[in-house]
1. Does any residue in the stretch 81-106 that is over 14 Å from residue 157 (Cα atoms) come within less than 6 Å, Cβ to Cβ, of a residue that is hydroxyl-bearing (Ser, Thr, Tyr) six or more places away or on a different chain, and which pairs are these?
2. Hey, among the residues in the stretch 59-82 that are outside any strand (DSSP E or B) and in contact with a strand residue (DSSP E or B) (Cβ under 9 Å, 6 or more places away or on another chain), which one's modelled with the lowest pLDDT?
3. Conditions first: (1) modelled with pLDDT of 95 or more; (2) open to solvent by 10 Å² or more (accessible area, probe 1.4 Å); (3) over 18 Å from residue 329 (Cα atoms). Residue 469 passes all but one, so which condition is the exception?
4. From the list 279, 264, which one is under 20 Å from residue 316 (Cα atoms) and open to solvent by 10 Å² or more (accessible area, probe 1.4 Å)?
5. Those residues that are open to solvent by 10 Å² or more (accessible area, probe 1.4 Å) and touching a Leu at 6+ places or on another chain (Cβ under 9 Å), I need them from the stretch 332-346; list them, please.
6. Select from the stretch 154-207 the residues that are of a type in the set (Asp, Glu) and crowded, with 17+ Cβ neighbours inside 10 Å and list them in ascending order.
7. Scan the stretch 282-305 for residues that are open to solvent by 20 Å² or more (accessible area, probe 1.4 Å) and not polar (S, T, N, Q) and jot them down.
8. For residue 203, which of the numbered conditions (1) under 30 Å from residue 84 (Cβ atoms); (2) modelled with pLDDT under 95 fails to hold?
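The values are calculated or read from the model by the stated rules, or taken from the named source; none is laboratory data. Worth saying up front: this structure is predicted, and the values here are computed from it rather than measured. A quick note on method: Cβ atoms are made from the backbone with ideal geometry, for glycine too, and the neighbour counts reach across all protein chains shown. Heads up: the accessible areas ignore ligands, DNA and RNA and are worked out on the full protein's heavy atoms, side chains in. Shrake-Rupley method; radii C 1.70, N 1.55, O 1.52, S 1.80 Å.
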Amino acid sequence: MRKRCAWLLMLLLLVNFICMDMSVCTAFAGELSGYTVRIGLVSLYENQSQIVVKNTSLVMGYETEGAFVQCAVLNSSDGFTFTPDTSYCYASEATYDSYEAVQQTIAGLKEKNEYISCGVSGTGKFRIYISADSELTAQSLAAALEESVKIRFAAVEHDAFYRVKVTWQEGNLIIDVGSDNKYPQFQAGAANEAGVYVLDLGERQYRGRMEIGRFGASNGLTPVSVLDMEEYLYGVVACEMVPSWETEALKAQAVCARSYAYALDKRTVEFGADNGYALFDTTRSQVYKGYGTETEKTNQAVDATRGEMIYYRENVVKAFFYSTSGGHSENCEDVWDVALTYFRGVPDNTELHQEKAPWIVVKTKAEIAEAVKGTGVDVGQVTNISAQIRSASGRIFRLRVTGTAGTAYLLKEKVRTELSLPGTKAKIVKYGDVPDKVYVQTMSGTSQKQISTSYIISGDGNISQAGEELEQYVVISSDNLTNFPKNAPTDPDTYYFAGMGYGHGVGLSQSGAQSLALLGYDYEYIIHHYYNKVEIR
């Protein structure tokens, strides 16, 4: 259905309704500038058969003791291809201090061929590797080298789930790590025109460094972006909030995103191949699309709040946020299971600049029955649905679904997720309803009126009849916004879920932040509005 709505200021209107041990390599490359985060780039590149890095120069190294330590510089005329390595391998028992030392030794071998390459382990040690598709071929080559140049080789476990091979026009490299080892990191060997060192994966580009590995022993490869928190936020704020919005709203988003990432990032865990990252580049954590999405305005908002986070007592708040509240945010326990002091629902009736407009989702009885069946209850053919309990904000807390075979209940966030709704601040409209009736206080008392047949006094004093073309009416009351859909379903087997708001409703509303910023409030006020009894420091 087309989504059109009107904002109506109705004077004296009373709305009746019931209100979520690594070795140091060869060269020091500089101190890390701040708190480093690790993001799994799963939205486009998760579990891939190959990852292509288009840069023609890569610096390889390891992060240790607060520094990135360079191990090698790799140069290519056509970029680098990373693939899972499933070959049979033999590795020299002797280790070498550097990539260059291995390359010099390989260059001096008379038997040099495409089967011989440099390899690096998860402890930063370099070895000569022999790899082939056939175990017999690899074994024969290793025996020949032992005989001719007296280098002893030992077989490497074939089922090494974490091994990766890097190939390029001029060479190749085997990365051989175990589940507890760290993959080497790669960074761009040259800056772009803007002076930024960016790794180019084709569709997207990323600041900082990158590990490309078979994390969790998966068959495919997933890149992990490793970079300074502030540089990470450059990409997040530009993706999570409309970049052209007011600066104070963008600053509030930057502080929330920084707090959320810090609280979510499991820094007590030693990251290895088995546990490569705690943050995702999707809404599972925060949307992050890298360097290409950055804007000057969003970057300035990050810089202006550098290092600032939201604290409740001595802990950083996992500062949840979402698109649009629809007039009132939500208590944490009314969405999830835990009640937290700093997540209290608050009126948001100034949220008049909504990124996501009021919506109507059409559901058939069969679709509702199937959704409930997915939770383990078969109600048969649906005969009725109702919002049995609503939270103080007006969201559906418990949805009752009655059918020919029984009754089922969807609670809290399950209402949104199981029915695929934008939010739960919704009215349920069935066949035969007149959904746009309201109660109006007049000098002679309270009476019920139908909006579509009424005249409206707008905020600027103009009087007009309610628009015939509108899909929903939205009314501003003292502590909320309420939507009134104009029409009911024409099919008795269909329900309308007519709602406002987009997301779980816990914490900061991005649309509400924009609205407050437009009213002149700064980012600190905005944050304190949405998070109870917190400090910014």
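1. 81/167; 98/26; 102/96
2. Here is the first cut: in the stretch 59-82, the residues outside any strand (DSSP E or B) are 65-66, 76-79.
Keeping just the survivors that are in contact with a strand residue (DSSP E or B) (Cβ under 9 Å, 6 or more places away or on another chain) gives 66, 76-79.
On the way: 66: 75, 76: 96, 77: 94, 78: 94, 79: 97.
Out of the qualifying residues, it is 66.
3. Residue 469 satisfies all of (1) modelled with pLDDT of 95 or more; (2) open to solvent by 10 Å² or more (accessible area, probe 1.4 Å); (3) over 18 Å from residue 329 (Cα atoms) except (1).
4. On the way: 279 fails: open to solvent by 10 Å² or more (accessible area, probe 1.4 Å).
The unique qualifying residue is 264.
5. Selection gives 333 alone.
6. First pass over the stretch 154-207, keeping only residues of a type in the set (Asp, Glu): 157, 159, 170, 176, 180, 193, 200, 203.
Listed by number, the residues that qualify are 176, 200.
7. Narrowing the stretch 282-305 to residues open to solvent by 20 Å² or more (accessible area, probe 1.4 Å): 282-284, 287, 289, 291-297, 299-300, 303-304.
Matches in the stretch 282-305: 284, 287, 289, 291, 292, 294, 296, 297, 303, 304.
8. Result: residue 203 passes all but (2).
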